[in-house]
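Take a look at the structure below.
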Amino acid sequence: MEKELNPRKIGIIGCGFVGAATAYTLMQTRLFSEMVLIDNNTEKAEGEAEDISHGLLFSSPQKIYAGSYDDLTDASIIIITAGANQKPGETRLDLVGKNVEIFKSIIPEITKRNMDAILLVVANPVDILTYVALRLSGYPEERVIGSGTVLDTARLKYELGRHLSVDSRSVHSFIIGEHGDSEIVAWSSANVSGIPLHDFCSMRGFHNHDEEMRRIAGKVKNSAYEIIKRKGATYYGIAMSVRRICEAIVRDEHSVLPVSSMMHGEYGISDIALSMPAIVGIKGIETHVPISLDYEESEELKKSASILKETIASLKL
């Protein structure tokens with residue numbers, strides 16, 4: 001008899017920078033009453049669990065501990081951050097071989113014990129590893145989610161808000177496609193509280209629109225490289241992005257987030273996981289949300305999908 005899922009239990013596989021920051025961030029949300037941390041280095045997982053637990057006095061009663069795959073049987077969400085770190089000068093796609101092999105060891109251990117959770121893939125390259133997790137696990141597509149371009153989109157909104165001196169939460173825009181070098185800013189659908197972005201720029205006294213947008217897009221795309229160059233890794237931003245996805249799932253918010261999931265003909269793209277806006281709730285991904293793209297953006301999106309497909313084709317799954 002299968003164990004009933006605990007809707008307030010989460011598992012995190014991988015206790016490196018991203019996994020530890022994610023655990024710390026989720027502890028503060030009070031979304032979960034039980035959190036199990038799993039890592040090849042058991043002492044590292046134990047240390048992180050103990051350190052985070054010492055702050056529970058300032059949050060809420062929770063059980064946070066280092067465990068094994070056997071502790072995942074009743075977890076409702078399983079986050080996978082385990083993987084090789086991106087090094088300075090290394091692209092996310094350069095990581096693919098190493099991390100696919102890691103997933104080949106992780107995913108079967110999960111599926112032996114739990115076929116009903118939501119798998120949330122965070123390790124890079126996230127779009128490819130979302131596809132790999134789906135193929136290796138046999139999970140329904142709606143319950144295999146990649147963190148996608150949620151962080152890239154947050155970075156974009158932050159930069160636009162700073163540029164326009166407006167609350168970034170009032171900026172509505174998406175980065176789509178690969179979470180990586182071929183990502184696309186969907187400028188044609190970007191707006192600030194319903195006002196087209198170009199018009200809002202003019203309203204704020206910025207008339208050199210195209211040049212500024214290119215600068216901001218470049219800054220967003222290179223953000224991770226710049227942070228890695230300066231401090232060796234990125235982890236706070238992605239941890240907060242994972243928190244946002246978990247909130248949408250646990251609270252059944254039906255939020256629109258640019259997560260990575262399988263495409264089935266949308267924009268002429270199929271059989272690949274790609275980061276596109278989707279409605280996210282307690283059952284995972286409900287449906288993709290179509291956004292307006294101009295011809296150039298649509299073509300760039302197809303190119304981004306092609307790059308990922310070429311990489312997938314080279315893998316032995």
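Values for this structure:
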{"quantity": "Per-region count, segment 197-238, residues under 22 Å from Pro88 (Cα atoms) and in contact with a Phe, Trp or Tyr (Cβ under 7 Å, 6 or more places away or on another chain)", "calculated": "2"}
{"quantity": "Matching entry among Thr73, Thr42, Thr81 (being buried (at least 20 other Cβ atoms within 10 Å of the Cβ) and not aliphatic (A, V, I, L, M))", "calculated": "Thr81"}
{"quantity": "Asp51, sole failed condition from (1) of a type in the set (Asp, Glu); (2) within 20 Å of Arg243 (Cβ to Cβ); (3) in contact (Cβ under 8 Å) with a residue 12 or more places away in the chain", "calculated": "(3)"}
{"quantity": "Filter result for Ala82 (touching a residue at least 60 places away in the same chain (Cβ under 8 Å) and either part of a helix (DSSP H, G or I) or touching a Ser or Thr at 6+ places or on another chain (Cβ under 8 Å) (or both))", "calculated": "no"}
{"quantity": "Only listed residue being within 18 Å of Val126 (Cβ to Cβ), in contact with a helix residue (DSSP H, G or I) (Cβ under 9 Å, 6 or more places away or on another chain) and outside any loop (DSSP other than H, G, I, E, B), chosen from Ile64, Ile52, Ile12", "calculated": "Ile12"}
{"quantity": "Segment 98-142: number of residues that are part of a loop (DSSP other than H, G, I, E, B) and farther than 16 Å from Ala84 by Cα", "calculated": "9"}
{"quantity": "Matching option when the condition is in contact with a helix residue (DSSP H, G or I) (Cβ under 7 Å, 6 or more places away or on another chain), in the same structural domain as Ser165 (by TED's automatic domain parsing), buried (at least 19 other Cβ atoms within 10 Å of the Cβ) and part of a helix (DSSP H, G or I), among Ser241, Ser275", "calculated": "Ser241"}
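Conditions (1) in contact (Cβ under 8 Å) with a residue 60 or more places away in the chain; (2) more than 24 Å from the chain's Cα centre (by Cα), marked per residue:
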{"site": "Tyr158", "(1), (2)": "no, no"}
{"site": "Ser168", "(1), (2)": "no, no"}
{"site": "Ala190", "(1), (2)": "no, no"}
{"site": "Ser193", "(1), (2)": "no, yes"}
{"site": "Lys219", "(1), (2)": "yes, no"}
{"site": "Gly237", "(1), (2)": "yes, no"}
{"site": "Glu247", "(1), (2)": "yes, no"}
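The values are calculated or read from the model by the stated rules, or taken from the named source; none is laboratory data. Fair warning: this is a prediction, and the values are worked out from it, not measured in the lab. Heads up, the Cβs are rebuilt from the backbone with ideal geometry, glycines too, and the neighbour counts pull from every protein chain shown.
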